[in-house]
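Visitor: Have a look at this one before I ask anything.
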Amino acid sequence: RLLAGQGVPEEAGVQLDFEISAGNVPLAADTEENRWSIETVDGVGTIMDRALDIPGFTIYASLKNAELIPQDVSAMSYANHAEFRFEVSSGVDGGSSIVVGAPSGFALYPLTFRGAELPGANDEVAPSARQGASSAEAIISLPVALVTSVLYSFRLTIGNPPVSPPTNEWSLEIRSPSNETLGIDTRIPGFLVQSEFNTSIIEAQLDEPLAENYVHITLAVSQRLLADSILERSTCVPTVEEPVCPPRQGLATFIVVGAPEGFIFQPTCGYWVLSRVGSRYHGLPPGSLCRAEPAVPNVARVQVSLSLEPLRIYEFTLQVRNAMSVPLDNVWELSAVQDGVIRERNPRVQGFPLRELGFVRVQPSTTLAGVVDNTVTVQMRSQRPLTRGANILVVAPLGFVFDPDSTSTSFPNPPKVQLQEDSTIRFRMSQQDFLAPNTYLYVSMRVRNPDMTPLPNFWYFYLQSQYMEHIDLRKYFNGFAITHKMLYCQVYPNIVPWNLGTWNDVSLLFVTKYPIFTVEAVYQDLLPASVGKTPTWMLSLVAPSGFTFPTENKYSDRCSAFQRWGGKDSYEQLPELSLGSIKCTVMTARSVAIEVPISLINETRYSFRINATAAAKREDIALQEPWRLTVLESSQILHLGESASPLLGQYYEAEWFYAGAPSSSPSASARLL
């Protein structure tokens, strides 16, 4: 329908472009059903002109469930062994072929064709592939017919381009032996090529939480980012030979800046500049615009007015309001979008830190699982003053339970204590107390430990004024691991009697509650600096006063006569990946540390042997003190065991067998002979 006042001159050419659904029924171009008609009607319904029986175009049978499954989506990859799947809507005779068409920039390599899921793959004349008219086309021969209701698939190696093309749709076409189209699908969704910026850096001027800040963004694209000027008109003029102008590319070219949750861009990005002040790099082209959607305030979209050249470094500045704190994984995301397609991106640009509590320490009195009388002392120091009536919020990991009736602080006047949840407690300072900046303080609470190490194991500390205004905080402070008592721990002397002033070959037999020395049993430290580190397991053995551990010689700190098996068949030996991978070191006269490598076996029963020497005088030996064995991983105590000292100067049969249930007799039970 033409708008009022706009007519078409006589003998003028008119072209109409519209989308139409082809339907599900194939049609040939020369059939009676495939005829079109055009009529022109004036405003009162009078037919002005008419054209009937216009020949239509051929409607081909469509393929069903056609899809492309890539294996490698990285840019410039030539190892993308992709899988193509499809079903035919009607039978296809033998001798036909499949034509695979790739978008601009992709390359197909038929030499690596694999058609194990096509019919006739194991025959003497099997399906084969050859190059088509270009590197983006491959032709696959089908010596055996295809039937309906069967999902066929084959594999081709794809060479990925540097960036995703604007039009990213693939085509599959089945042709008869006479080269007639039998089935086609030209709109198979492609995949986005993961290409990163050549350079992408984010810097900030301020680290104050909740303050207006300026972030400086530096980037360089690997491929030219096409952008038509959003201020100029198109230079295309329709002619008789080309009555329709081609669509302009780059009208929707953006640099998208994604900040972590909590950061806020203003709707027009505030006071932002195309070029960073004092920078030696290029700025964004004049006429670029910046917008931020109120629904997603942590994402800014900078619309680029002119194309960005490859490998040229651009630097610009945006205004943003800082968050209260940065997330655990403090990364920003940068992407270059052209015509709705992500051309290049870097989803992990390292962000900048924000000011937080400069010093925090959490000191528990015990880390044993399930203990109800654990006293946790939190020491902290803030760069900001704590005003009168300020609040100190302490949030423990899930599973800890605070007791608000048993607390103490470093303030002169006792604060008000409020238990908000089982693992959340608040201290309100007295109106008479004031704490200067950079002054240490502590709060101490009675806590019940959980039965297992919580995951995630982070503590949270928040300092607020009496009006709930932000002063300081610390998030994601790594807590302590929960320690489990060993089910069984026994010091077994292999030489009886053990006389005073002599050495003995001692076996340590122990059973833990959970498997140890494996990757799955390590302490889950989720801090970014700790993720990916190699686990380090260690055994620490401390003997009572009067016992000492000799070394191999006076020039070495290695344990004397150390063996990684205690000699009892019901206990496993300590794991050893290669010769010398396990090491026993004498730390002090009565303590040793054993470094144990990673094991692939889930086991809880272990043993080892070591030399120990008893003092010459009985009064020099603290027989009432236990031997302590500790299992540590990355300096975290995971298991703790105690054993009574062996009897000295007596013949007896020492206990060594653990049947799986706690013994009713003392751990040092022995039967005198």
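The values are calculated or read from the model by the stated rules, or taken from the named source; none is laboratory data. Keep in mind that this is a model prediction, so the values were computed, not measured. Don't worry about glycine lacking a Cβ; one is built from the backbone with ideal geometry, like all the others, and counts go over all protein chains shown. Only protein heavy atoms, including side chains, enter the accessible area calculation; ligands, DNA and RNA are left aside. Shrake-Rupley method; radii C 1.70, N 1.55, O 1.52, S 1.80 Å.
Visitor: Taking all protein chains in place and a 1.4 Å probe, what share, in percent, of the accessible surface of the chain do carbon and sulfur account for? The partial results should precede the final answer.
Guide: Details: 18420 of 35740 Å².
Answer for the chain is 52 percent, counting heavy atoms of protein chains only.
Visitor: While we're on this one: What are the extents of the Cα atoms of the stretch 468-621 along their three principal axes, listed from largest to smallest and rounded to whole Å?
Guide: Largest first, the stretch 468-621 extends 68, 37, 34 Å along its Cα principal axes.
Visitor: Which parts of the stretch 405-425 would a label at Q432 reach, counting a residue when its backbone N lies under 16 Å from a point 7 Å out along Cα-to-Cβ?
Guide: Flagged as within label range: 409-416.
Visitor: Here's another thing I want to ask about it. Provide T366, T588 ordered by accessible surface of protein heavy atoms (probe 1.4 Å), highest first. Please list the in-between numbers first.
Guide: Numbers: T366 35, T588 75 Å².
The ranking, largest first, comes out as T588, T366.
Visitor: With labels modelled as points extended 7 Å from the Cα through the Cβ direction, what inter-label distance (nm, one decimal) is found for Q420 paired with S570?
Guide: 5.2
Visitor: Also, quick follow-up: Can you give me the solvent accessible area of D339 with a 1.4 Å probe, rounded to the nearest 10 Å²?
Guide: About 60 Å², ignoring ligands and nucleic acids.
Visitor: Considering all projection directions equally, how large on average is the shadow of the alpha-carbon convex hull of the stretch 567-617, in square nanometres? Could the numbers behind the result be given before it?
Guide: Values: hull surface 20.3 nm².
That works out to 5.1 nm², a quarter of the Cα hull's surface.
Visitor: Oh, and also: Suppose each label sits 7 Å from its Cα in the direction of the beta carbon; what would the A561-S410 distance come out to in nanometres?
Guide: 5.1
Visitor: Based on the Kirkwood radius over alpha-carbon pairs, what is the Stokes-Einstein translational diffusion coefficient of the stretch 82-187 at 25 °C with 0.890 mPa s viscosity, in µm²/s?
Guide: Using the Kirkwood radius from Cα pairs, D works out to 175 µm²/s.
Visitor: Might you tell me the accessible area per residue for the chain, computed with a 1.4 Å probe and given in Å²? Numbers along the way, then the final one.
Guide: Working: 35740 Å² over 673 residues.
Result: 53 Å² per residue.
Visitor: Is the shape of the stretch 13-74 best called rounded, prolate or oblate, per the rule: a/c under 1.5 gives rounded, else a/b larger than b/c gives prolate, else oblate, with a ≥ b ≥ c the square roots of the Cα gyration tensor eigenvalues?
Guide: Details: a/c = 3.86, a/b = 2.10, b/c = 1.83.
Since a/c reaches 1.5 and a/b is larger than b/c, the shape of the stretch 13-74 is classed as prolate.
Visitor: Calculate the dipole size of the chain relative to its Cα centre from +1 charges on Lys and Arg beta carbons and -1 charges on Asp and Glu beta carbons; express the result in debye to the nearest 20. Please list the in-between numbers first.
Guide: Working: 49 positive and 68 negative charges, 730 e Å.
The dipole of the chain has a size of about 3500 debye.
Visitor: OK, next. If ligands, DNA and RNA are left out, what is the accessible area of C559 with a 1.4 Å probe, given in Å² to the nearest 10?
Guide: The accessible area of C559 comes to roughly 0 Å².
Visitor: Take the Cα of N65, step 7 Å along the line toward its Cβ, and report every residue of the stretch 138-167 whose backbone nitrogen sits under 18 Å from that point.
Guide: What the label zone holds, given the 18 Å backbone N cut-off, is 146-155.
Visitor: For the stretch 288-413, what Kirkwood radius comes out of the mean inverse Cα-Cα distance, in Å? Can you show the working numbers first?
Guide: On the way: mean 1/r = 0.0495 Å⁻¹.
Mean inverse Cα-Cα distance, inverted, gives 20.2 Å.
Visitor: Which FRET efficiency value, to the nearest 0.05, do you get for V372 and Q350 by plugging their Cβ-Cβ distance into 1/(1 + (r/R0)^6) with R0 = 45 Å?
Guide: Numbers: r = 43 Å, r/R0 = 0.96.
Calculated value: 0.55.
Visitor: Kindly sort K568, K583 by accessible area of their heavy atoms, largest first, with the probe set to 1.4 Å. Working shown, then result.
Guide: Working: K568 40, K583 70 Å².
Descending accessible area places them as K583, K568.
Visitor: Mind checking the log10 I(q)/I(0) for the stretch 154-194 at q = 0.27, 0.34 Å⁻¹? Debye, one equal scatterer per Cα, no solvent, two decimals.
Guide: -0.99, -1.16
Visitor: Give me the Kirkwood hydrodynamic radius of the stretch 126-218 in Å, from all C-alpha pairs, to one decimal place?
Guide: 18.2
Visitor: On a 1.4 Å probe surface of the protein chains, which of V8, V378 comes out largest in accessible area, and what is the full order?
Guide: Details: V8 80, V378 0 Å².
So, going from the largest accessible area down, we get V8, V378.
Visitor: Okay, next question. Give, as a single signed number, the net charge of other residues whose beta carbon lies under 15 Å from the beta carbon of L455, with Lys and Arg counted +1 and Asp and Glu -1.
Guide: Working: positive: none; negative: D451, E520, D525, E633.
Every neighbour counted, the sum reads -4.
Visitor: State to the nearest 20 debye the size of the charge dipole of the stretch 516-673 about its Cα centre, where the only charges are +1 on K and R beta carbons and -1 on D and E beta carbons.
Guide: Working: 13 positive and 16 negative charges, 74 e Å.
Computed about the Cα centre, the dipole is about 360 debye.
Visitor: Summing +1 for each Lys or Arg and -1 for each Asp or Glu, what net charge is found among the other residues whose Cβ lies under 10 Å from the Cβ of L419?
Guide: Values: positive: R426; negative: D403, D405, E421, D422.
With Lys, Arg at +1 and Asp, Glu at -1, the net is -3.
Visitor: Could you check the simple spin-label distance between E83 and Q383, using points 7 Å along Cα→Cβ, in nm with one decimal?
Guide: For the pair E83/Q383, the computed spacing is 5.4 nm.
Visitor: Once the convex hull of the C-alpha atoms of the stretch 538-609 is built, how many Å³ does it hold per residue, rounded to a whole number?
Guide: Values: hull volume 7.3 nm³, N = 72.
Convex hull volume per residue, Cα atoms: 102 Å³.
Visitor: Less than 11 Å Cβ to Cβ from P544, Lys/Arg counted +1 and Asp/Glu -1: what total charge do the surrounding residues give? Present the calculation step by step, with values, prior to reporting the outcome.
Guide: Numbers: positive: R590, R628; negative: D620, E625, E642.
Net charge in that neighbourhood comes out at -1.
Visitor: Might you work out the accessible area of R312 for me, using a 1.4 Å probe with all protein chains in place, and round it to the nearest 10 Å²?
Guide: Roughly 100 Å² of R312 is accessible to a 1.4 Å probe.
Visitor: Using only alpha-carbon positions, what ratio does the radius of gyration of the stretch 453-532 give when scaled by 2.2 N^0.38 Å? Mind showing how you got there, number by number?
Guide: Working: Rg = 22.7 Å, N = 80, 2.2 N^0.38 = 11.6 Å.
Output field value: 1.95.
Visitor: Report the extension gain between T534 and V150 in nm, rounded to one decimal, defined as 0.36 nm multiplied by the number of residues separating them, less their alpha carbon distance. Mind dumping the intermediate values first?
Guide: On the way: separation 384, 0.36 × 384 = 138.24 nm, distance 4.83 nm.
Contour length minus the Cα-Cα distance gives 133.4 nm.
Visitor: Can you tell me the equivalent ellipsoid semi-axes for the stretch 341-417? Use √(5λ) from the Cα gyration tensor, largest first, whole Å.
Guide: Numbers: eigenvalues 249, 90, 27 Å².
Equivalent ellipsoid of the stretch 341-417: 35, 21, 12 Å, largest first.
Visitor: Placing unit charges on C-beta atoms (Lys and Arg positive, Asp and Glu negative, everything else neutral), compute the dipole magnitude of the stretch 532-615 about its Cα centre in debye, rounded to 20. Walk me through the intermediate numbers first.
Guide: Numbers: 9 positive and 7 negative charges, 35 e Å.
For the stretch 532-615, the charge dipole is close to 180 debye.
Visitor: Can you give me the Rg/Rh ratio for the chain, using Cα atoms for both radii and the Kirkwood formula for Rh?
Guide: On the way: Rg = 38.0 Å, Rh = 33.3 Å.
The Rg/Rh ratio comes out at 1.14.
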